[in-house]
Amino acid sequence: MITLKIKYIAERASDNQVIADYQMQYNNLLHLFYNRLKDGTSETKCKHLQFNNLDLMKSWFRQSCVKDASFLLKKNEETILFGGKYLFEQRFRHNISKEEFKERRLVPLCSIGEGRCNGNRFFRLSEDCYSVIFSPMLKQKTKLKLIGVGNRIKVLKKLYIHQQLKDTPITYKLDKKFVYISFDESILRDKIVKPISNRIFSIDMNPNYIGWSVVDLKESDEFKVVNSGVISLKNINDVEFKFKKLKLPSTSTERKHLNNKRNYETLEVSKFLVDISKHYHCECFAIEDLVIKSKDNYQGKNFNRLINNNWNRNKLVNNLRKRCNIFGIKFVEISPQYSSVIGNLVYRELRLPDMVLSSIEISRRCYEFNLQYIKKIKAKTKNVIFPDLTELLLDKVKHSLEEVKCFVDFVSWKQIHSELKKSKLRYRFPLDERVFKTKTLRFINVFI
């Protein structure tokens, strides 16, 4: 899903009050629906509840609002604070007035898209794509002139074509300054890249380094690494730690610049990775299915800050998924358990950095998952996470364990993982940036 956020000016000054009235009633309804859903009332019953002073909220706005409230309830396990904790504290300390508090806590008015109604029941793109018509009632039309469209006009023109064809739902949100246009990114697809069968692009994600590889697989133990590389984000993290030591507040110019830099580089990394996948005509783009909650990892404050605060993992994954959908590349999320141990022990002879070896293991898992569960041309076996224990594989593991000076008999991957952790041996193949640059010319360092 792609969302365009575009500033607007209402054609008539009186239209601003109309929009404000709709937004205020929508927010009141959202709070009521959220509380009713939290009490156990079903979505269907919520839509038909009668409330006072909400005459503008007709059936489709109610439908959109109950979906919004349901999403908020599923997203947050605890009771949410509309407007956020910071805004509430500002009001509690009398730093802002009651009117400003109410104004700033408002969420945009939402109308969910419906393909057969030109994409949306209440909103339309104009023919020139430089304005949006908001028509919540039969004889009520509000023209919103879009400001600063820029290069997004190409996207809006494609969106207009699908609006006229009535084949794509387009969701609109509206507040007092911006209009938000959301749609499925697949409509931007000009040409689908013809994939090479069983060619997998995979990445291993870490806060400091991202390892990637392009792998052709014939079988789980028969493969060829077409290309590989490492992206380093360590410079940005090092500067963050430096600012922390200097006790610079988050509101400082330096910290704001660094945060913007991190967000920008995350999106640039995503674009770079998908471009490589597209260049090599990869059938699948595989990543680890990571679910990481903020917690104490018992490895120091810096490590906790790196994992819990500085890592823009969700932003990267969401952007990768969006770009893969645009180019028709199959996006696959794979279970990450023991991928580092298996990658470093099974593929150690390749002499590639730890994160690249882990990405090769992710490729193998994606290959098996794709054939067994997506294409369904191979019998389902329990070798997606753990590879088949052939004599060749056991011999590779034995030599790798001897190299890291871990002298234990192989029983299971869990046992090997446990032994390596207990002994605190360095089993990960080290990253020598200078050597890796000369070997592949694919080491990319993000500089400040």
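The values are calculated or read from the model by the stated rules, or taken from the named source; none is laboratory data. Since the model is a prediction, treat every value here as computed from it, not as a measurement. Every residue, glycine among them, receives a Cβ derived from its backbone with ideal geometry; neighbour counts consider all protein chains shown. To get the accessible areas, we keep the full protein, side chains included, count just its heavy atoms, and leave off ligands, DNA and RNA. Shrake-Rupley method; radii C 1.70, N 1.55, O 1.52, S 1.80 Å.
Worth a mention:
- Accessible area per residue, Å², region 125-284 with all protein chains present, probe 1.4 Å: 51 Å²
- Per residue Cα convex hull volume in Å³ - calculated over region 49-102: 119 Å³
- All-pairs alpha carbon distance profile, the chain, 10 Å steps from 0, percent: 4, 16, 23, 23, 18, 11, 4, 1, 0
- Note on LYS375: lysines with a C-alpha under 26 Å away, same-chain residues under 8 apart excluded, are LYS191, LYS194, LYS218, LYS224, LYS278, LYS322, LYS330.
- Phi-based couplings in Hz for region 238-249 (Karplus 6.51, -1.76, 1.60; Gly and Pro marked x): 5, 5, 4, 5, 4, 5, 5, 5, 6, 6, 6, x
- Residues of region 307-431: accessible area per residue with a 1.4 Å probe, Å²: 51 Å²
- Positive-end extreme of charge dipole, the chain - chosen from TYR427, ASN383, LEU30 (charges on Cβ): LEU30
- At most 10 other Cβ within 10 Å, DSSP loop - GluC sites (Glu not before Pro), region 42-94: GLU77, GLU78
- Range of Cα positions in region 55-198 per principal axis (Å), largest first: 58, 52, 33
- Full extension of the chain between VAL149 and ASN35 yields a length gain of 37.3 nm, computed as 0.36 nm times the residue separation minus the alpha carbon distance.
- Extent of region 1-130 along its three principal axes (Cα atoms, max minus min coordinate, largest first): 48, 37, 32 Å.
- Distances between placed amide hydrogens fall under 5 Å for MET205 paired with GLU288, all partners being 5 or more residues away or on another chain.
- Sparse-neighbour loop sites [trypsin sites (Lys or Arg not before Pro); region 373-413; at most 16 other C-beta within 10 Å; DSSP]: LYS375, LYS376, LYS378, LYS380, LYS382, LYS405
- DSSP-defined beta bridges in the chain - what % are antiparallel, rounded to 5: 80 percent
- Global form of region 318-405, assessed from the alpha-carbon gyration tensor, a/c cut-off 1.5: oblate
- Gyration tensor verdict on region 357-408 (Cα atoms; rounded if a/c is under 1.5, prolate if a/b is larger than b/c, oblate otherwise): prolate
- Restriction of the trypsin sites (Lys or Arg not before Pro) in region 21-108 to DSSP coil positions whose beta-carbon has at most 11 other beta-carbons within 10 angstrom yields ARG93.
- Over region 13-61, the ratio between the Cα radius of gyration and 2.2 N^0.38 Å evaluates to 1.26.
- Rounded to the nearest 20, the size of the Cβ-charge dipole of the chain about its Cα centre is 1180 debye, with Lys and Arg at +1 and Asp and Glu at -1.
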